[in-house]
Amino acid sequence: MYSVSIIGASGYTGAQLVQLVIQHPKLVLAGTYVSQNSSDAGKGIAELHGNLAHVDATLTPISDAALEEMANGVDFIFLATPHEASHDWMPILSSGKAKVLDLSGAFRLKDTDVFEQFYGFPHTQKQSLAQAVYGLAEWHEAKIASADVIAVPGCYPTASLSALKPLAHNNLLDESVRPVINAVSGVSGAGRKASLTTSYFEVSLQAYGVLGHRHTPEIEAYLGTPVIFTPHLGNFKRGILATVTVKVKAGTTSAQLEQAYTDAYADKPIVRLRKSFPKIDDVAHTPFVDLHWKLDETSGYAVVTAAIDNVMKGAASQAIQCLNIMTKQPVETGLVL
């Protein structure tokens, strides 16, 4: 059995991690933590999340002493924290026996200049950044297996890269035409903190972060080509639907696309290759990525759709996938019954 602590357990992603750890056959929940000044400190997690009414876990305020104790006291630490907190705490948390899985964006981008441009503060944790392995579970398994620090991918990049990497990996993309990604997320992606702009009642389908969203450089870094990425906020709770339009190289056939996706994902149980275009209801509250594509061989344009649950595959369940890889368990352990 492996002991696990979760920092940032009061939010949607943190609470989802609690549920996944509780139901995992090889994990034991050692502690649930929130920031020192959180209004949730001292509460039971069941008070905040009714679906966890069966879980006896108190939200403990974090401290420097708790961070140091955690580094040597548990096997794994999940950080469902703001980027700045993950950035500042990583050297302490990764200094002991514990392996750290960070669900913030603090360690996803290796280029610190690009990081500062998109995240708004300088990255000074060079050693931790050098340690961090990008946790796109289906594509970086060998590196994840031996890592001590995992940068769990963003939700939009997970959907976008799942759709695009088989094409890039097989050198099928026309490099003169950028892939165009239009993706819609549910309001849970904005976090639990109340905001007028993300209030369920106020939200109407709209684009945001146009030509400047911080997930753009993340997608580009791990795809290896520039993209046009436009996120949208939808008035539903959970899920991401990413519809990607690409130009493939002249002469590419539908059979080649089929082969590319089959080769990439045939032995990946979390990815489901669908016979028709998926919808968000197919993946909500599940760990799956659902993919489907169609190619117009005459024009050379293809449309690929990826559907995920942003809180699950876009965050918590992908972190569990990484832990499963790190502990040499089947990747779907605790995720797929």
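For residue 11, indicate whether it is over 23 Å from residue 286 (Cβ atoms) and modelled with pLDDT under 95. Criteria not met by residue 11.
Residues in the stretch 273-299 that are touching a residue at least 60 places away in the same chain (Cβ under 8 Å) and part of a helix (DSSP H, G or I): 280 alone.
When the stretch 17-39 is examined, which residues are found to be under 13 Å from residue 320 (Cα atoms) and not hydrophobic (A, V, I, L, M, F, W, C)? Matches in the stretch 17-39: 19, 23, 24, 25, 26. Do we have residue 173 as crowded, with 23+ Cβ neighbours inside 10 Å, on the phi < 0 side of the Ramachandran plot and at pLDDT 95 or above here? In short, no. Among residues of the stretch 101-116 being in a helix (DSSP H, G or I) and in contact (Cβ under 8 Å) with a residue 12 or more places away in the chain, the one that is surrounded by the most Cβ atoms within 10 Å (Cβ to Cβ) is 114. Scanning the stretch 217-258 for residues that are outside any loop (DSSP other than H, G, I, E, B) and free of Cβ contacts under 8 Å to residues at least 60 places away in the same chain yields 220, 228, 230, 232, 233, 254, 255, 258. Out of 320, 325, 280, one residue alone is farther than 16 Å from residue 23 by Cβ and not assigned by TED's automatic domain parsing to the domain that holds residue 163. It is 325.
Counting only strands (runs of 3 or more DSSP E) that sit wholly inside the stretch 1-83, those with at least 1 residues that are in contact with a Gly (Cβ under 6 Å, 6 or more places away or on another chain), assigned by TED's automatic domain parsing to the domain that holds residue 95 and of a type outside the set (Ser, Thr, Tyr) are 2-7. Only residues that are of a type in the set (D, E, K, R) and buried (at least 16 other Cβ atoms within 10 Å of the Cβ) were counted across the stretch 290-337, and they come to 4. Can you pull out every residue in the stretch 46-76 that is farther than 15 Å from residue 35 by Cα and in contact (Cβ under 8 Å) with a residue 40 or more places away in the chain? Those that are farther than 15 Å from residue 35 by Cα and in contact (Cβ under 8 Å) with a residue 40 or more places away in the chain: 57, 73, 74, 75, 76.
Applying the condition of being closer than 20 Å to residue 315 by Cα and aliphatic (A, V, I, L, M) to the stretch 66-92 and asking which residue is surrounded by the fewest Cβ atoms within 10 Å (Cβ to Cβ) yields 85.
On inspection, residue 330 fails the criterion of being in the same structural domain as residue 243 (by TED's automatic domain parsing) and modelled with pLDDT of 95 or more.
The values are calculated or read from the model by the stated rules, or taken from the named source; none is laboratory data. Predicted model only: the values in this text are computed from it and were never measured. So basically every Cβ, Gly included, is an ideal-geometry build from the backbone, and we count neighbours across all protein chains shown.
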